[in-house]
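Student: Here it is, the structure in full.
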Amino acid sequence: MTKAADVIVIGGGIIGLSIALELRWRGLQVLVLTQDYQNAAANAAAGMLAPQAEEIAPGALLDLCTYSRSLYADWTTKLTMATGLDTGYWECGILAPRYVRPAFPERNRPSDSQITWHSRKELVGHLPTDNLGMEVVGGYWFDTDGQVDNRALYKSIQAAAEFAGVRVQTGVVVTAQDLQDLSQGVNGLVADRYILATGAWSQELLPVPVVPRKGQLIALQVPHEEDLPLNTVLFGTEIYIVPRRDGRIVIGATSEDVGFSTGNTAEGVQGLFDRAIRLCPALAKYPVVEQWWGFRPATPDELPILGHSADPRLILATGHYRNGILLAPATAQIIADLLFDRPHPLLSDCDYRRFIDGNKLSS
């Protein structure tokens with residue numbers, strides 16, 4: 001059979017395309033097969049780069065997230081240079097306000113310096129005006145966290161992949177049967193290696209413990225003649241508020257175990273409004289310009305599944321849950337290094353076999 005590419009990537013979301021682009025930059029011929037982007041995890045994201053603000057516990061996930069955050073500035077610069085497109089990368093820092101002062105507010109973060117509790121007055125120093133809700137008593141400032149515009153980033157990756165020569169076939173439905181015998185290729189398309197990057201839909205193709213977690217989001221628009229009420233991300237209690245430089249303010253997100261149930265719900269959207277306005281009352285006056293949802297791919301321990309499957313021809317890159325945007329550059333690097341026989345030290349923590357007590361998945 002004629003080889004279609006060196007590598008076939010199954011899945012055309014941010015993770016799949018980031019991997020495809022990195023492999024193409026390293027000289028491989030890459031074909032991406034994708035069905036639909038509309039409800040992918042990237043749509044259920046606000047683009048926060050927040051391993052510290054999310055209070056990820058010390059361990060493999062925090063190490064992976066902080067490593068990926070360290071790649072972001074150079075990675076997005078390279079994308080912009082390749083395409084001329086702005087990714088919306090913004091090292092704006094993140095404020096984590098609290099309504100109750102913790103009993104032991106001083107906390108150490110193993111990833112860098114000590115993070116200190118700030119009074120309300122000190123927090124306001126990071127904002128253009130005092131737009132924090134009156135119930136806020138203080139909080140934390142994470143100056144190494146930030147954001148990227150996930151939609152702009154995806155467009156930049158798409159354009160960079162096209163310019164680099166990554167081939168993409170859309171409207172392609174891959175089934176579990178396609179992965180039963182990779183010697184026959186996928187949909188008749190043969191490659192040396194295959195990479196599964198289908199996010200929340202991965203369990204439909206392989207018995208991996210990845211399930212969808214629905215996220216609902218809303219967006220407001222600050223009128224062009226007005227200044228942004230925020231110049232940094234607010235990461236509050238079950239809410240985050242992400243201001244964009246173009247005046248758009250993204251508010252999210254729910255995390256719902258409802259399978260692939262589509263659509264925004266009154267309960268979900270109302271909860272977002274209530275929590276956002278409590279944290280930043282100034283938001284109440286701005287018009288709502290969009291409501292949407294998507295599905296995050298969750299694993300039991302929230303670590304992604306990266307690396308070889310039971311079939312050495314098939315590489316897994318799925319289960320990124322809430323950190324898909326953040327982990328895109330690290331995932332691309334780690335998977336590309338694996339294909340070039342340079343496994344990253346963090347790869348062993350992400351092996352699928354951690355879930356199966358010695359029984360291997362079949363492909």
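The values are calculated or read from the model by the stated rules, or taken from the named source; none is laboratory data. Treat the numbers as computed from the prediction; the structure is a model and nothing was measured. Backbone-built Cβ (ideal geometry, glycine too); neighbour counts: all protein chains shown.
Student: Between a first residue in region 55-82 that is farther than 17 Å from Thr331 by Cβ and a second residue that is of a type in the set (S, T, N, Q) and surrounded by fewer than 21 Cβ atoms within 10 Å (Cβ to Cβ), which pairs have beta carbons less than 9 Å apart while being 6 or more apart in sequence or on different chains?
Tutor: Partner pairs satisfying both residue conditions: Pro58/Ser111.
Student: With respect to Ala332, is the statement that it is out of contact with any helix residue (DSSP H, G or I) (no Cβ under 9 Å at 6 or more places or on another chain) and of a type in the set (A, V, I, L, M) true?
Tutor: no
Student: Same structure again: Considering region 174-192 alone, what residues qualify as being surrounded by fewer than 19 Cβ atoms within 10 Å (Cβ to Cβ) and not in a helix (DSSP H, G or I)?
Tutor: Selection gives Thr175, Gln180, Asp181, Gly185, Asn187, Gly188, Val190, Asp192.
Student: Looking at this structure, is Ala310 at pLDDT below 95 and more than 26 Å from Gly236 (Cβ to Cβ)?
Tutor: yes
Student: All but one of (1) in the same structural domain as Ala219 (by TED's automatic domain parsing); (2) modelled with pLDDT of 95 or more hold for Tyr140; state the number of the condition that does not hold.
Tutor: In the conditions (1) in the same structural domain as Ala219 (by TED's automatic domain parsing); (2) modelled with pLDDT of 95 or more, Tyr140 misses (2) alone.
Student: Could you say whether any residue in region 139-150 is assigned to a loop (DSSP other than H, G, I, E, B) and either without any contact (Cβ under 8 Å) to a residue 24 or more places away in the chain or over 20 Å from the mean Cα position of the chain (by Cα) (or both)?
Tutor: Taking every residue of region 139-150 in turn, none turns out to be assigned to a loop (DSSP other than H, G, I, E, B) and either without any contact (Cβ under 8 Å) to a residue 24 or more places away in the chain or over 20 Å from the mean Cα position of the chain (by Cα) (or both).
Student: Out of curiosity, is Tyr154 of a type in the set (Phe, Trp, Tyr) and in a helix (DSSP H, G or I)?
Tutor: It is true that Tyr154 is of a type in the set (Phe, Trp, Tyr) and in a helix (DSSP H, G or I).
Student: Tell me, please, whether a residue that is exposed (fewer than 13 other Cβ atoms within 10 Å of the Cβ) and assigned to a strand (DSSP E or B) can be found in region 289-312.
Tutor: Scanning region 289-312 turns up at least one residue that is exposed (fewer than 13 other Cβ atoms within 10 Å of the Cβ) and assigned to a strand (DSSP E or B).
Student: Please determine whether any residue of region 249-262 is over 25 Å from Arg98 (Cβ atoms), of a type in the set (S, T, N, Q) and surrounded by fewer than 16 Cβ atoms within 10 Å (Cβ to Cβ).
Tutor: Taking every residue of region 249-262 in turn, at least one turns out to be over 25 Å from Arg98 (Cβ atoms), of a type in the set (S, T, N, Q) and surrounded by fewer than 16 Cβ atoms within 10 Å (Cβ to Cβ).
Student: Test Ala317 against the criterion of being of a type in the set (A, V, I, L, M, F, W, C) and at pLDDT below 95, and give yes or no.
Tutor: So Ala317 fails the test.
Student: Follow-up. Among what's in region 208-227 and is out of contact with any helix residue (DSSP H, G or I) (no Cβ under 9 Å at 6 or more places or on another chain) and in a loop (DSSP other than H, G, I, E, B), pick the residue that is surrounded by the most Cβ atoms within 10 Å (Cβ to Cβ).
Tutor: Looking at the filtered set, the residue picked out is Val222.
Student: Considering only region 35-69, how many residues are modelled with pLDDT under 95 and among the hydroxyl-bearing types (Ser, Thr, Tyr)?
Tutor: Within region 35-69, residues that are modelled with pLDDT under 95 and among the hydroxyl-bearing types (Ser, Thr, Tyr) number 1.
Student: Pairs, please: C-beta under 6 Å, at least 6 apart or cross-chain, first residue in the same structural domain as Arg275 (by TED's automatic domain parsing) and at negative phi and in region 243-259, second crowded, with 17+ Cβ neighbours inside 10 Å and of a type in the set (Val, Ile, Thr)?
Tutor: Close Cβ pairs satisfying both conditions: Pro243/Ile249; Val250/Val242; Ile251/Ile218; Ile251/Ile241.
Student: What are the residue pairs meeting all of these: first residue in region 177-189, first residue not assigned by TED's automatic domain parsing to the domain that holds Leu314, second residue of a type outside the set (D, E, K, R) and modelled with pLDDT of 90 or more, Cβ atoms under 7 Å, and 6 or more apart or on different chains?
Tutor: none
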